[in-house]
1. Check region 283-292 and report whether any residue there is more than 28 Å from residue 204 (Cβ to Cβ) and at pLDDT below 95.
2. Of the numbered conditions (1) touching a residue at least 12 places away in the same chain (Cβ under 8 Å); (2) over 18 Å from the mean Cα position of the chain (by Cα), residue 106 fails exactly one; give the number of that condition.
3. Looking for something farther than 17 Å from residue 101 by Cβ, polar (S, T, N, Q), at pLDDT 75 or above and buried (at least 24 other Cβ atoms within 10 Å of the Cβ) - is there at least one such residue anywhere in region 247-257?
4. Can you tell me which residue within region 4-25, out of those that are of a type in the set (D, E, K, R) and over 19 Å from the mean Cα position of the chain (by Cα), is nearest to residue 213 (Cα to Cα)?
5. Go through the residues of region 270-290 one by one and say whether even a single one is buried (at least 22 other Cβ atoms within 10 Å of the Cβ), in a loop (DSSP other than H, G, I, E, B) and out of contact with any Ser or Thr (no Cβ under 8 Å at 6 or more places or on another chain).
6. Pull out all pairs, ordered by first then second residue, where Cβ-Cβ is under 7 Å, the residues are six or more apart or on different chains, the first lies in region 1-16 and is more than 20 Å from residue 329 (Cα to Cα), and the second is assigned to a helix (DSSP H, G or I) and not aromatic (Phe, Trp, Tyr).
7. Where the second residue is assigned to a helix (DSSP H, G or I) and the first is closer than 15 Å to residue 298 by Cα and lies in region 318-331, which pairs have Cβ atoms under 6 Å and are six or more apart or on separate chains?
8. Based on this model, can you work out whether residue 211 counts as charged (D, E, K, R), surrounded by fewer than 20 Cβ atoms within 10 Å (Cβ to Cβ), more than 23 Å from residue 33 (Cα to Cα) and in contact (Cβ under 8 Å) with a residue 60 or more places away in the chain?
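The values are calculated or read from the model by the stated rules, or taken from the named source; none is laboratory data. Everything numeric here is computed off the predicted structure, so don't read it as measured data. Glycine gets a Cβ as well: all are built from the backbone with ideal geometry, and neighbour counts include every protein chain shown.
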Amino acid sequence: MTCFQAIIIDKVKVPNRIVLSPINSSFGDRSGNVTKRLVNFHSKIAKGQVGLSIVGSTAVSKNGRVNYNGLLLDCEEKIDNFAELFRAIEDAGSIPAIQLMHAGRQTSPEVTGLNVIAPSNIASPFFGVIPQPLEISEIEDIVGQFSKSALFAKKAGARLIELHGAHGYLIEQFLSPCSNKRHDEYGGSLENRVRFFRRIVKAVKDKLGKDFPLICRIGVDDYRRARIRREESLVIANLLEKAGADCISITAGIYGQRDKIYPIDLQHCRIRLEATKKIKQKLKIPVIYGGGITKFCEAEEILQSKQADLVGIARAIIADPEFVRKSINEETVTNCNRCNYCIYNFRNNETLRCSVNSNL
């Protein structure tokens, strides 16, 4: 089966094509540190034979955190803490990776203790806080924060880095005409709106070396009136490949659109799958499809039909951490019912939960 075939992302060999899509579990502590609970969560999943395990929603700075117990990797002192997590994942047979992000306007002063910032002074429809527009020097500082966090992650043992350019976070706030009303080099044309993302890619590559794999996650549709169009997402993916990205991960939607980010109907799955296929046809680098996959046969069909090179799965693996191993051995899997009970409210001090798996 195609799912069980190894694949190389730049210089890293991934043992199979199932990816743990990055999950914001809120299993960290108030300082953004890795906890035993988080290590156990990822260790169970890695033992379940997921090929690539991406640790999700790790902020690069204090004002980039989206929720109270979200992860934060902003200084060298945290390297040993994160090293325990990556070591547990690798010892269990999976490839450890980390998703780096900045919340931008999708947070609040109650979470960060700092002012909310964004490309323009337009509030997130989900959080409702009017942000301070970033100065050029501040944008450059954030680019540097991404590259420093990537270096800390590499030193801690992460084998790949994913940059979160979707779901309405800061990078996508620059990409989207809904949230970016700037009139300088970072606003206006699509090429200008991609500039921030491309500079982060270059800075990370310069810091880690060209042979360290970098995944860029993009949203192919944010489902807003003046939005990122699916045609534009193809251009964005091309520009990121040219900037140095080694893999593109596909998703869609922003917060406040639970059924778009975490699709519960096949129509939303088809929309992003069609976009994924078009992007894969145009790129030379691997493409990850993510969204709505709850059965192993669905992942296999996508891979066999060459609509993607890898498949990202989150909810089905939350429901059953041994999803991959059981599927390989034709054992009974605890099925995800797409109830989206796992999607908790970031504005409250909640953690990941599941209606069919109480052992989180």
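1. yes
2. Failed condition: (2).
3. no
4. Looking at the filtered set, the residue picked out is 11.
5. Scanning region 270-290 turns up no residue that is buried (at least 22 other Cβ atoms within 10 Å of the Cβ), in a loop (DSSP other than H, G, I, E, B) and out of contact with any Ser or Thr (no Cβ under 8 Å at 6 or more places or on another chain).
6. none
7. If the second residue must be assigned to a helix (DSSP H, G or I), the pairs left are 323/316; 323/317; 327/296.
8. Working: charged (D, E, K, R): yes; surrounded by fewer than 20 Cβ atoms within 10 Å (Cβ to Cβ): yes; more than 23 Å from residue 33 (Cα to Cα): yes; in contact (Cβ under 8 Å) with a residue 60 or more places away in the chain: yes.
In short, yes.
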